[in-house]
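What follows draws every value from the coordinates through simple rules; no lab data is involved. Predicted, not measured: the structure shown is a model, and the values here were computed from it. Ideal geometry is used to build each Cβ from the backbone, glycine not excepted, and the neighbour counts take in all protein chains shown.
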Number of protein chains: 2
Amino acid sequence: MDVEHSLQQRMDLFRQRCLELGLACTHQRMVIYKALASTTAHPTPEAIYEQVKREIPAISLGTVYKNIRTFTDAGLLREVSVLHDSLRLDANLGDHHHLVCVRCKAIFDVPETEVTPVQLREPLPDGFRLERCSVLFLGVCAQCAAAQ
Amino acid sequence: MDVEHSLQQRMDLFRQRCLELGLACTHQRMVIYKALASTTAHPTPEAIYEQVKREIPAISLGTVYKNIRTFTDAGLLREVSVLHDSLRLDANLGDHHHLVCVRCKAIFDVPETEVTPVQLREPLPDGFRLERCSVLFLGVCAQCAAAQ
DNA sequence: TTATCTGCAAAGCCTTTGCGCAGAT
DNA sequence: ATCTGCGCAAAGGCTTTGCAGATAA
């Protein structure tokens, strides 16, 4: 599929979703979203800011943060790192996986034996040395579900 | 297996590893490690600090942070959240997984079709509403491997 | 005794917030 | 015309750092 075309489609969809959500289609928002949709590098807010500045030199970092928050709250964007807001520690060095509540960030252990073996079919990027694999099962715990 | 006994074993092993690594076996370190080894809750540094304060009221939060860093660097402890240090964004809302370089934190997409289907065999904790599953393949990218 | 570690306090990110003006609907 | 969003700057968390005294080897 034509990448340019696909991006165009995604921008159209974005515009439409903004209308539906009652979000103003500002120039800043379009450029910020375009920067996000144009890469698979999973950028940081700072990286988006640098990218957007090329087109809107007067943009402020605060605006980038505000809109990233707005987009994620609206479901237009996702955080790769669900647990990114604070350091969580694990003294269990054995192989195991985790079950995470996306609301309260509670983490439960999942023994490796309880998960079907995970294997990559694809050859890795050239020279990538794979060390281990960690599965995150995401959802909402009973307590958080009860609290609506 | 007796939990009490297991903890004792882990403390002995910790003491031994400290010796091997040339790390001083201070009272603070023992208590911090004990707090980490005694829970499966994947605590934050702040939570460890609160726990350790019960036994060492004069402990400082800085000491807890320094030792957590020392332990992780030494391989005695692991971070659950490899990408916790900054927000990483993903405009691709379709199901897919990620390949992450643990050194430079580069993130590559892995299409869901390239991974064997992941399934939990175990019944979930009561009332947990599972939403999705995200696999992190961890390793070292070619560039970082080349840079030693 | 010597090197390392601790507590304290300050500094450094990253991110959020408040406010008045500007822009979208 | 009204409401929302933007830029600016300040404030707020979390984490690291520097230093002098204390502790482990």
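Give me a count of the residues in segment A:86-112 that are part of a loop (DSSP other than H, G, I, E, B) and either more than 9 Å from every other protein chain (Cβ to nearest Cβ) or within 18 Å of the chain's Cα centre (by Cα) (or both). If you could, list the steps in order and put the result at the bottom.
First, pick out the residues of segment A:86-112 that are part of a loop (DSSP other than H, G, I, E, B): A:86-88, A:91-95, A:102-106.
Narrowing further to those that are either more than 9 Å from every other protein chain (Cβ to nearest Cβ) or within 18 Å of the chain's Cα centre (by Cα) (or both): A:86-87, A:94-95, A:102-105.
The qualifying residues number 8.
Please work out which residue is nearest to residue B:47 (Cα to Cα), limiting yourself to segment A:91-102 and to residues that are in contact with a helix residue (DSSP H, G or I) (Cβ under 9 Å, 6 or more places away or on another chain) and crowded, with 19+ Cβ neighbours inside 10 Å.
We begin by selecting, within segment A:91-102, every residue in contact with a helix residue (DSSP H, G or I) (Cβ under 9 Å, 6 or more places away or on another chain); these are A:91-92, A:94-97, A:101-102.
Cutting the leftovers down to crowded, with 19+ Cβ neighbours inside 10 Å gives us A:91, A:97, A:101.
Working: A:91: 14, A:97: 22, A:101: 18 Å.
Among those that are in contact with a helix residue (DSSP H, G or I) (Cβ under 9 Å, 6 or more places away or on another chain) and crowded, with 19+ Cβ neighbours inside 10 Å, it is A:91.
Could you tell me which numbered condition residue B:62 fails, if it satisfies all but one of (1) within 12 Å of DNA strand D (Cβ to nearest atom); (2) in contact with a Lys or Arg (Cβ under 8 Å, 6 or more places away or on another chain)?
Unmet for residue B:62, out of (1) within 12 Å of DNA strand D (Cβ to nearest atom); (2) in contact with a Lys or Arg (Cβ under 8 Å, 6 or more places away or on another chain): (2).
Every residue, every condition in (1) in contact with a Ser or Thr (Cβ under 8 Å, 6 or more places away or on another chain); (2) of a type in the set (Val, Ile, Thr), yes or no:
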site	(1), (2)
B:52	no, yes
B:55	no, no
B:79	yes, no
B:86	yes, no
B:90	no, no
B:113	no, yes
B:126	no, no
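Which residue, of B:13, B:7, is touching a Ser or Thr at 6+ places or on another chain (Cβ under 8 Å), away from DNA strand C (no atom under 16 Å from the Cβ), part of a helix (DSSP H, G or I) and within 12 Å of chain A (Cβ to nearest Cβ)?
The conditions single out B:7.
Going by the structure shown, is residue B:73 among the acidic types (Asp, Glu), surrounded by 14 or more Cβ atoms within 10 Å (Cβ to Cβ) and either outside any strand (DSSP E or B) or touching a residue at least 12 places away in the same chain (Cβ under 8 Å) (or both)?
no
Given (1) more than 11 Å from DNA strand D (Cβ to nearest atom); (2) within 7 Å of chain A (Cβ to nearest Cβ); (3) more than 22 Å from residue A:95 (Cα to Cα), identify the lone condition not met by residue B:83.
Just one mismatch for residue B:83, condition (3).
With the requirement that a residue be surrounded by 14 or more Cβ atoms within 10 Å (Cβ to Cβ), away from chain B (no Cβ under 14 Å) and within 9 Å of DNA strand C (Cβ to nearest atom), what does segment A:52-67 give you?
A:63
Going through segment B:19-36 one residue at a time, which ones are part of a helix (DSSP H, G or I) and closer than 14 Å to residue B:72 by Cβ?
Hits for segment B:19-36 are B:21, B:29, B:32, B:33, B:36.
Do we have residue A:105 as closer than 30 Å to residue A:19 by Cβ and surrounded by fewer than 18 Cβ atoms within 10 Å (Cβ to Cβ) here?
Details: closer than 30 Å to residue A:19 by Cβ: no; surrounded by fewer than 18 Cβ atoms within 10 Å (Cβ to Cβ): yes.
When the stated conditions are applied, residue A:105 does not pass them.
So which of B:116, B:39, B:70 is of a type in the set (Ser, Thr, Tyr) and within 16 Å of DNA strand C (Cβ to nearest atom)?
On the way: B:116 fails: within 16 Å of DNA strand C (Cβ to nearest atom); B:39 fails: within 16 Å of DNA strand C (Cβ to nearest atom).
From the options B:116, B:39, B:70, the qualifying one is B:70.
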